Structures are given as structure tokens and as C-alpha cells.
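Step one of this worksheet: look at the structure below.
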Amino acid sequence: MTLHWYFYSDTNARADEIETILTDKNQTLTSFYRLEDLLKQLESTPNAVLFLKAHATYNVYELCQEISFKYPHIYLIVISPENLENTKKAMQVGASDMLTFSSTDDEITEVVFQAQAYMKQRISREPSLQLMKENSRVIAVCSSKGGTGKTLLTVNLAAELARDGKEVAIVDANFQFGDVAMYVDIKPKNSIYEWVKEGVERGEYGIESYLSHHKSGVSILATPPRPEFFEIMTEDHLEIAMTELRKSYDVILIDAPTYISEIHLKSLALADEILLLTTSELPDLRNSKLYLDMMETLHFDEKVKVVLNRDSKYRTVEEKRMEVILQKPIFAVLPDQKQLAVTSINEGMPLVIKSARSPFAKGVQTLATKLMPPVEQPVKKLKRLALLSR
Ligand SMILES: Nc1ncnc2c1ncn2[C@@H]1O[C@H](COP(=O)(O)OP(=O)(O)OP(=O)(O)O)[C@@H](O)[C@H]1O
Ligand SMILES: [Mg+2]
């Protein structure tokens, strides 16, 4: 569950103590100084706790009432001067809890704890509140032929994005011979197969307990334990899985199956972006061009980004020439990492972790940044100043 923590005051009042307490709990506090920014944010956020600080320029109780009417899903905490009358007023206008200007760290911690516990319970009771994560992105990794490096790229890109602080999941869509779990040395207890049999077929779509977790922070929806089980898997299952995963993950990478099938096409349709891996060998370029033509027919061409894999100084076709053949720019280049790539697979450790300075890892880092440039935090880490006292 992702809970958003907001602070509003139309002065530059700082929320340092609240922020420090939340940071200790690995949570982030976002401050708003303009009411319209705050309201816009509340509209798109299903799970949020809002600290509203009283100030002379507006009536905090009226504001609290307005917000609780408009956004009943928001957990409101009013911060006001200490007196019993204010506590009563806050409760009457729909506040869930309250703090005073002189609340101690322990009191703030308790209020934060209560908010977390309440929101957790409410979300588990009302799954519809688990709306999709804002900006959650699905990226499909595909190629026109097998062995191009899809799985190697998928696990490395996932680990790199997780290192950047993103919540990342991989869906291994090779339902017959998928090997994502093996590439990171995980023996999955559950897979998409168990999720379909035990959950989806009974109308229960919760997917979290069917994922396997790697120490890099990446979660994996593994392929069925036996190749013949793939038969029960349909493209609708892939779609439901994606809807579920979008609720909790910032990025979902699909390691797409090599052969064009309903599942393959569904992976492309569900993706916001498609990474098409190719090498510089002529037959591969030719097939990649055919693949790109197919994308155009399916109206997916705008989503496609070409990634040149196994690049080396011995290649015979120049990058410019490749772009002419493909009629598409090359978005990123990953070098041939020779034996180190195989060693990383055998050890089950992505290169971005095992050898972060290797050329392949650096190529993946550049690709990750190009795909998801780091966003500036709206509130900088502030020095620990006296909070709330004015
Ligand atoms: N940049 C690279 N440098 C060195 N070796 C690479 C590189 N990319 C891929 N390989 C090697 O190529 C082989 C195939 O890679 P991978 O399994 O990732 O391909 P794939 O496209 O997922 O294959 P499949 O279609 O069978 O699923 C692996 O042995 C991998 O180590
Ligand atoms: Mg593969």
C-alpha cells in the first residue's frame, strides 16, 4: 500500500518534525503552499493523509470541512493552537485527528501511527480504493527473434530502476520456458499459474502473495512451474495481472515471449513503451524492420524504442546505416559484455549490482535514466528546525 503524506499551509510554515518522523518510517511528506495545487493533487490521490495547519489568513475549520466533503477518502489531521474548543471544532468538521502547535515528537508519532493503521484497514476493506499508482508505467521488452538479450536486459533494467527507488515488478510472459526467476537465482513458490487457479478463477484478483521477491527490491511474477500449464493462460489473465500490479508498482516490465502469439500481442498492447532489442547483424536488422512494420500496422509504432544490443567495435554496419534500414532512431546502445554477461546469469546476479561499472551496466543505467529521468523532489530535505511554533 502506498500512502501519500501531504502538508498544507499557505505560509512558508515548515513541517520539519513531521517530515523527520515520516522519513524515519521511509515515508515522504510533500508540502503545498497554494490551495489549488493541493486540491488538484487530492483529486488524483486515493490514499492520502493531509496535515492542515491553522493560519490567520484562512479558517482551517472551514477548509477542513470543505475538503472532507469533497474528498471523503482523505485522512485529515488539523494542526491548531491548543485548546479544547479547537479539538471539538476539528472533530465537528470531519477531521480524523488533530495536533497542536506544541505537540511533542511522541504525540506526532502516535498520530502518524494511527493514520497508517486506519488507512491500511480501510484499504483492505475497500479494494476499490486501491486505484492505480499515478504514472505507473508498463514497459514491454521484445525482439523479433530469440536469444537477443530480452531477459538479460529486463532483469538489469528492473534492478537499476529499483536502485533508483522505484517499485518495480517483472512479469515473465514466456509462459512455457520463462527464465526470469532463474536469471536472478530465485526459486518461486508461486507463479502466474497459481494466481490464476487459486485466485482469478474464484474471482479474487489480489496478486501480491503470488510474487517472488529479489533482494534488489524487484518483485517477479514467475512463469508456470511446468510448460504444459501454459494452456490455461490467456491474454485476459495478463491484462488482469497488469491492472493489479499497476496499483502497487511504479514500473512493470514484461519480458515478452519470443514468438508472436496472442500473449505477445497483448504484452505490446498493454505496454506504455516497447523496447525492441536488435543486434547489428544484417539478418537480425531485417527481421527487426519486419517487426517494426508489424507495429505500424497495429498502431504501436509510437511506443517503440529500438535498443541495439551486443554492440562492439567489430560491427560491420554503422549506427546511421542501421537507422536507415530500420527507419527509426536507435534509442540506446548496450555493449557486448562477453563472458561477464553469462557469469552474471550463472550467478543469478544482475550486472548492475554485480559489476555496476561494467560497460553493459553503464549502458543499462543510461537507458534507465533516458526512460525515467529522475524527478526533482517538491520538498527538499529540510534542516531540523523548530516546527509548528510561530
Ligand atoms: N550485451 C550482451 N553481452 C554479452 N552477452 C549477452 C548480451 N546480451 C545477451 N547476451 C547473452 O545472450 C544470451 C541470450 O540472452 P537472453 O536469454 O537474455 O536472451 P532472450 O532474448 O531473453 O532469449 P529468449 O528468446 O530465449 O528468451 C545469454 O547467454 C546472454 O548472456
Ligand atoms: Mg528470455
Original post:
How high is the relative contact order of the chain, given as a whole-number percent (alpha carbon pairs under 8 Å, six or more residues apart)?
Top reply: 18 percent
Subject >> the chain: most fluctuating residue of ASN190, ASN156, ASN12 per GNM, C-alpha cutoff 10 Å >> reply: ASN12
Subject >> Gaussian network model of the chain, Cα within-10 Å springs - most flexible of PRO350, PRO335, PRO374 >> reply: PRO374
Subject >> Theoretical ellipticity at 222 nm over the chain - DSSP helices of four or more residues, -39500 (n - 2.57) apiece, nearest 500 >> reply: -11500 deg cm²/dmol
Subject >> Rel. contact order, % - alpha carbon contacts under 8 angstrom, at least six apart, the stretch 4-129 >> reply: 22 percent
Original post:
Taking the Cα centre of the chain as origin and charging only Cβ (+1 Lys, Arg; -1 Asp, Glu), how large is the dipole, in debye to the nearest 20?
Top reply: 1040 debye
**OP:** Take every Cα pair under 8 Å in the stretch 99-248 that's 6+ residues apart, average their separations, divide by the length, and report that relative contact order as a whole percent.
**Re:** 25 percent
**OP:** Evaluate the distance, in nm, between pseudo-label points positioned 7 Å from the Cα of LYS70 and of GLN327 along their respective Cα→Cβ axes.
**Re:** 4.9 nm
Subject >> GNM top mover of PRO72, PRO225, PRO359 - the chain, alpha-carbon springs below 10 Å >> reply: PRO72
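Could you tell me what percent of the accessible area of the chain is made up of carbon and sulfur, with a 1.4 Å probe and every protein chain present?
51 percent
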**OP:** Within 10 Å, count the other beta carbons around each residue, average over each peptide in 211-221, 36-46, and list them highest first.
**Re:** 211-221, 36-46
Subject >> Cα→Cβ-extended label distance, 7 Å offset, between GLN121 and LYS370, nm >> reply: 5.0 nm
Original post:
Rule-of-thumb check for the chain: C-alpha Rg over 2.2 N^0.38 Å?
Top reply: 1.16
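The values are calculated or read from the model by the stated rules, or taken from the named source; none is laboratory data. The shown structure was predicted, so the numbers you read here are calculated from the model rather than taken from an experiment. As a convention, Cβ positions derive from the backbone with ideal geometry for all residues, glycine included, and neighbour counts pool all protein chains shown. Ligands, DNA and RNA are excluded from the accessible area calculation, which covers all protein heavy atoms including side chains. Shrake-Rupley method; radii C 1.70, N 1.55, O 1.52, S 1.80 Å.
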